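Below: one structure, written as structure tokens.
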Amino acid sequence: MAFMRYRALPQGEPTVEEFRAWLAQFDADRDGRISREELQHALRSLNVWFAWWKARGGVRAADANGDGGVTGDDEVARLFAFAQRHLHAKIAQLGFY
Ligand SMILES: [Ca+2]
């Protein structure tokens, strides 16, 4: 099963650093940028419904410089805020909060 390959989010309330470390494993081509497709894999690993649609929303919310992906500390922080707003129930289910 695909999601078994990935490290889960840590227990307890995550920091943006923990979120960044978790997210980095989905940077499949190691270009330092999380594309919409890579974010979709990340969401699928959490068994998030409508992963394609949520990945598109997440990149839109986070992509401050308009390059179509999530790059750098600022954009990761924006994506983290998006995840807290829109994926809270799913994250809580994993013992995130
Ligand atoms: Ca990438």
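Structure data summary
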item	result
Count of residues meeting criterion [within 20 Å of Asp73 (Cβ to Cβ) and not aliphatic (A, V, I, L, M)] in segment 30-55	7
Some residue of segment 20-29 being over 16 Å from Ala83 (Cα atoms), more than 11 Å from the chain's Cα centre (by Cα) and within 16 Å of the ligand (Cβ to nearest atom)	yes
Residue in segment 32-54 that is among the aliphatic types (A, V, I, L, M), touching a strand residue (DSSP E or B) at 6+ places or on another chain (Cβ under 6 Å) and at pLDDT 95 or above present	yes
Tabulated pairs, segment 1-23, first surrounded by 15 or more Cβ atoms within 10 Å (Cβ to Cβ) and aliphatic (A, V, I, L, M), second modelled with pLDDT under 75 and in a helix (DSSP H, G or I), C-beta under 9 angstrom, 6+ apart or interchain	Leu9/Ile91
Leading residue by the ranking (surrounded by the most Cβ atoms within 10 Å (Cβ to Cβ)) among those in segment 36-56 that are part of a loop (DSSP other than H, G, I, E, B) and touching a residue at least 12 places away in the same chain (Cβ under 8 Å)	Leu46
Those residues of segment 2-31 which are modelled with pLDDT under 90 and of a type in the set (Gly, Ala, Ser), in sequence order	Ala2, Ala8, Gly12
Any hit, segment 62-84, residues being under 18 Å from Glu18 (Cα atoms), away from the ligand (no atom under 16 Å from the Cβ), in a helix (DSSP H, G or I) and of a type in the set (S, T, N, Q)	yes
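The values are calculated or read from the model by the stated rules, or taken from the named source; none is laboratory data. For clarity, every value in this text was computed on a predicted model and none was experimentally measured. All Cβ positions, even for glycine, are placed from backbone atoms using ideal geometry, and neighbour counts span all protein chains on display.
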